[in-house]
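Chemist: Here it is, the structure in full.
Just so it is clear, none of the values below were taken in a lab; they were calculated from the coordinates. On a predicted model such as this, the values are computed, not experimentally measured, just so you know. All Cβ positions, even for glycine, are placed from backbone atoms using ideal geometry, and neighbour counts span all protein chains on display.
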């Protein structure tokens, strides 16, 4: 495609990069990214992907903006309280960059809609806050051969890994969801707002690296950091032959909703 | 005393010591971590029966489930 003079100016700092250039910017422009969750992680991911000029951004979230979200979910503003998060996100994306086509799904990511949702996208970003959904995203992406970025945050900590078909998946590392209440979520234990930005921007960078082919992705690695002492650690991983979804004898061959997911859905409905 | 590397830091321990015991002395519970021992994942049900040896390298990988809300 041919960029207009305005687009050349808008994306000039990408085009200047030797590893991106016009060709890389074209790849970003034709990229289709699905961001699951328009919350703490989804917010910075969406903002940076929009600014970068990703051609099509899908965003799925069933929630509405709550006052307690604004401490870290930087895509939502005070007047957005009560608004569907996907709508609030779409409005900001369009203001940042009218080039971006935004597709919104005001819904939960479930075993029923997972395959249909990921089908049209090149790369999926996990910005969710529940283990059953994180495992569901992993299983759906592994089964359909879709690359994705896992992200998780809690208190002062964050972790992320990138999966490409054939590399270690989330289940290779974390076999199955922890029992309910064994590990708290941010809504239970809190999170420093900027942690969402730190981790989300790593996920956004991985997405742009995937689209442009620049550098080396966080595959077969788990990056984790603790912001209290600002220590970063990358643990080498390898595909786990006993992995229940991508191992030599997979036992998970179809998508299933976890018990905890049902509890969460129930809770969300009762909160609404 | 024996030396075991836990998340890249050397810890002095007294053997025999199981993986479950090491997890607990690191203020964690078996339910909240995934474990690589010398680069291989150890299934959770084998934590109690896995004995550690001098020079072992252990990665305690913590579940982190937050993100959206």
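Chemist: Kindly work out what percent of the DSSP beta bridges joining two residues of segment A:47-156 are antiparallel, to the nearest 5.
Modeler: Antiparallel bridges: around 10 percent, rounded to the nearest 5.
Chemist: Please compute the contact order of segment A:31-271 in relative form: average sequence separation of alpha-carbon pairs under 8 Å and at least six residues apart, divided by the residue count, as a percent.
Modeler: Numbers: 487 pairs, mean separation 48.6, N = 241.
Relative contact order, segment A:31-271: 20 percent.
Chemist: Same structure again: Take peptides A:125-133, A:28-36 and line them up by average Cβ neighbours within 10 Å, highest first, as a rough protection proxy. Each step should come with its number before you reach the end.
Modeler: Working: A:125-133: 27.8, A:28-36: 22.6.
In decreasing order of mean packing, A:125-133, A:28-36 become A:125-133, A:28-36.
Chemist: Further question on the same structure: Between A:21, A:53, A:37, which gets the highest mean-square fluctuation from a Gaussian network model of chain A, Cα cutoff 10 Å?
Modeler: A:21
Chemist: Nearest 0.05, what FRET efficiency do residue A:22 and residue A:144 give at R0 = 30 Å with Cβ-Cβ as r?
Modeler: 0.45
Chemist: Could you work out how far apart the two model spin labels at residue A:181 and residue A:201 are, taking each label as a point 7 Å from the Cα in the direction of the beta carbon, and quote it in nm?
Modeler: 3.8
Chemist: While we're here: So for segment A:31-271: antiparallel DSSP bridges make up what percent, rounded to the nearest 5?
Modeler: Expressed as a percentage, antiparallel bridges in segment A:31-271 total about 50.
Chemist: Per Stokes-Einstein, at 37 °C and 0.692 mPa s, what whole-number D in µm² s⁻¹ belongs to segment A:1-102, with the Kirkwood radius over Cα pairs as the hydrodynamic radius?
Modeler: This corresponds to a translational diffusion coefficient of 233 µm²/s.
Chemist: Here's something else I'd like to know. Using Cα pairs closer than 8 Å and at least 6 residues apart in sequence, work out the relative contact order for chain B, in percent.
Modeler: Normalised by residue count, the contact order of chain B is 41 percent.
Chemist: Express in nm, to one decimal, how much length is gained between residue B:9 and residue B:28 on full extension, taking 0.36 nm for each residue of separation and deducting their alpha carbon distance.
Modeler: Going from the current span to full extension adds 5.2 nm.
Chemist: Distance between Cα centroids, segment A:10-80 to segment A:156-217: provide it in whole Å.
Modeler: Rounded to whole Å, the Cα centres lie 16 Å apart.
Chemist: What number do you get for the protein assembly as shown when its Cα radius of gyration is normalised by 2.2 N^0.38 Å, N = residues?
Modeler: 1.01
Chemist: For the pair residue A:119 and residue A:1, how long in nm is the line joining their label points, each one 7 Å along Cα→Cβ?
Modeler: 2.4
Chemist: Starting from the 7 Å offset along Cα-to-Cβ, what nm value, one decimal, do you get for the label separation of residue A:106 and residue A:81?
Modeler: So the two model labels end up 2.0 nm from each other.
Chemist: Right, something else. Rounded to whole Å, give me the distance from the Cα center of segment B:9-51 to that of segment A:101-151.
Modeler: 32
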